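A.B. asks: Below is a structure I'd like to ask you about.
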Amino acid sequence: ATELARLVTEAEAAEEREGGERWAAQYTFSRSAPLMYLPDKFLAGHGVKILNVTVSRSCLVRSAEASSPSGGGGGGGGLRGLTLALLGYDAVVMNQVLNALPGKGGVLEAKRTGELWGWSDAYVANKGHGGKGGKTGGFWAACAFKLNVVAASLLAFFFTATVTALIVRMLISSGVVVMFPLFALCQALGFRELDLHILTLSYPWLGLPVELLRRQRKPAAPLICAHTVRVVVLYSMYEACQLAWSLWFYDKPLPDGLQLEVFALVMIWEYYAMIFLRSAAATFFLPKYTLLVFLFLHVYLLGHAYAFFGLALLGAALLVLLALVFATLHLELPAANRLEVTFENPRAYFVELPWLAWHASMPPSWTLFMPLNSRVRTIYDAPGGGEAGDGMHDGAG
């Protein structure tokens, strides 16, 4: 008969016995995934053995904490108890299952959250939990595994950063098209003081074509609809990319929603880069910094069978937010004060194209993937105190 184990911590079981409540498992584990979805009556009728396991706190935390009813043994124990209360037992129980029952796959379910983690025999062996006698494949196998983790981390950064940057660019350029029908609706409702010229000044890449169409007595609705369809199609493709990335790079036991939180973090710094990243110092600093944070996070995520991944992501997010605040206060504001960044020259570095471009048009989207090849020079940068260029350029992206 196949066995299925249900686990509960000793403290939780004691509370339920004192309260007269029915014993309820916190985790369910099985070697066979289909057993996790079958009702108890069906399992009993087919001779499936169910093992009810109560896990002592000493198996989950240090003995000093386990001896205390509140989970703390002094100041350090109280801090560890608070951390455990915030993080839960998922990572601890998952690692106990992987180490106590090595060499085989299985499925573990957290009853309270409904999270389900499954792994194969090969996954356990590759993470160093399998093999004969618990041994790994040796030095070269370990080197190959680490190189694979670094390569996967670099590929994850490349795809998530580039595709997210493209989507952010699209949302900024075409996503604002919703303002035009909104202004038209407000004017139809009687808000005559709203002037469409405000949108033309704010979004010239859309406002000027709309004004030109109206001057020629042509409808602007097709242009607005085209941009709206572009937003829907490209954002749908971005959502599909997230599913593909989850299968390519995160096909392993992870907390629910962690992949989406990683993508959201990348979206935050790409929005910042598109809107606020303008000075030369911040342009050199922030991309390299976010690359290092992303790599360190993913080496931890992909290099361990299961660990405190949520805490690692929280640390990475705080480091990125700290860098964004630092870049704004200590790099962008001083650059604006010394006129390195102005209204006429909004970015210190840019991509220069060898042909003329309409001033109100957006640069081609493929310029996102070109290296920066030009820099605006102010009067303070001119050699010998001579006059510098006014920062005008042809076909700049």
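A.B. asks: Of everything in segment 138-195, what is of a type in the set (S, T, N, Q) and in a helix (DSSP H, G or I)? Give them in sequence order.
C.D. replies: Within segment 138-195, Asn148, Ser153, Thr160, Thr162, Thr164, Ser173, Gln187 meet the criteria.
A.B. asks: Kindly indicate the residue of segment 196-206 that is closer than 12 Å to Phe180 by Cβ and assigned to a helix (DSSP H, G or I) and also most open to solvent (accessible area, probe 1.4 Å) among those meeting that condition. Steps first, answer last, please.
C.D. replies: Of segment 196-206, the ones closer than 12 Å to Phe180 by Cβ are 196, 198-200, 202-203, 206.
Filter once more, so that each one left must be assigned to a helix (DSSP H, G or I): 198-200, 202, 206.
Numbers: Ile198: 88, Leu199: 6, Thr200: 8, Ser202: 60, Leu206: 5 Å².
If we take residues in segment 196-206 being closer than 12 Å to Phe180 by Cβ and assigned to a helix (DSSP H, G or I), then Ile198 is most open to solvent (accessible area, probe 1.4 Å).
A.B. asks: Step by step: first the residues of segment 249-267, then only those that are free of Cβ contacts under 8 Å to residues at least 40 places away in the same chain and within 20 Å of Ala151 (Cα to Cα), then the one that is least open to solvent (accessible area, probe 1.4 Å). Which residue is that?
C.D. replies: Among those residues, the one meeting the criterion is Gln259.
A.B. asks: With the condition kept exactly as written, say whether any residue in segment 259-275 is at pLDDT below 90 and not in a helix (DSSP H, G or I).
C.D. replies: no
A.B. asks: Could you tell me whether Arg217 is more than 29 Å from Phe158 (Cα to Cα) and either open to solvent by 50 Å² or more (accessible area, probe 1.4 Å) or charged (D, E, K, R) (or both)? So that I can check it myself, show each step before the final result.
C.D. replies: On the way: more than 29 Å from Phe158 (Cα to Cα): yes; either open to solvent by 50 Å² or more (accessible area, probe 1.4 Å) or charged (D, E, K, R) (or both): yes.
The answer is yes for Arg217.
A.B. asks: Sticking with this one: Scanning segment 276-297 for residues that are open to solvent by less than 20 Å² (accessible area, probe 1.4 Å) and part of a helix (DSSP H, G or I), which turns out modelled with the lowest pLDDT?
C.D. replies: My answer is Ala280.
A.B. asks: For Ala316, are the conditions met, namely being buried (at least 17 other Cβ atoms within 10 Å of the Cβ), in contact with a helix residue (DSSP H, G or I) (Cβ under 6 Å, 6 or more places away or on another chain) and of a type in the set (A, V, I, L, M)?
C.D. replies: yes
A.B. asks: Do we have any residue at all in segment 238-247 that's more than 19 Å from Leu155 (Cβ to Cβ) and touching a residue at least 60 places away in the same chain (Cβ under 8 Å)?
C.D. replies: Checked against the condition, which is being more than 19 Å from Leu155 (Cβ to Cβ) and touching a residue at least 60 places away in the same chain (Cβ under 8 Å), segment 238-247 yields no hits at all.
A.B. asks: Can you tell me which residues in segment 326-367 are in contact with a helix residue (DSSP H, G or I) (Cβ under 8 Å, 6 or more places away or on another chain) and small (Gly, Ala, Ser)?
C.D. replies: Of everything in segment 326-367, those that are in contact with a helix residue (DSSP H, G or I) (Cβ under 8 Å, 6 or more places away or on another chain) and small (Gly, Ala, Ser) turn out to be Ala327, Ala335, Ala348, Ala360, Ser361, Ser365.
A.B. asks: Which count do you get for residues in segment 298-343 that are more than 17 Å from Asp90 (Cα to Cα), touching a residue at least 60 places away in the same chain (Cβ under 8 Å), among the aliphatic types (A, V, I, L, M) and part of a loop (DSSP other than H, G, I, E, B)?
C.D. replies: 1
The values are calculated or read from the model by the stated rules, or taken from the named source; none is laboratory data. Predicted, not measured: the structure shown is a model, and the values here were computed from it. Using ideal geometry, Cβ is built from the backbone for each residue, glycine included, and neighbour counts are taken over all protein chains shown. Quick note on the areas: whole protein, heavy atoms, side chains included, nothing else; ligands and nucleic acids left out. Shrake-Rupley method; radii C 1.70, N 1.55, O 1.52, S 1.80 Å.
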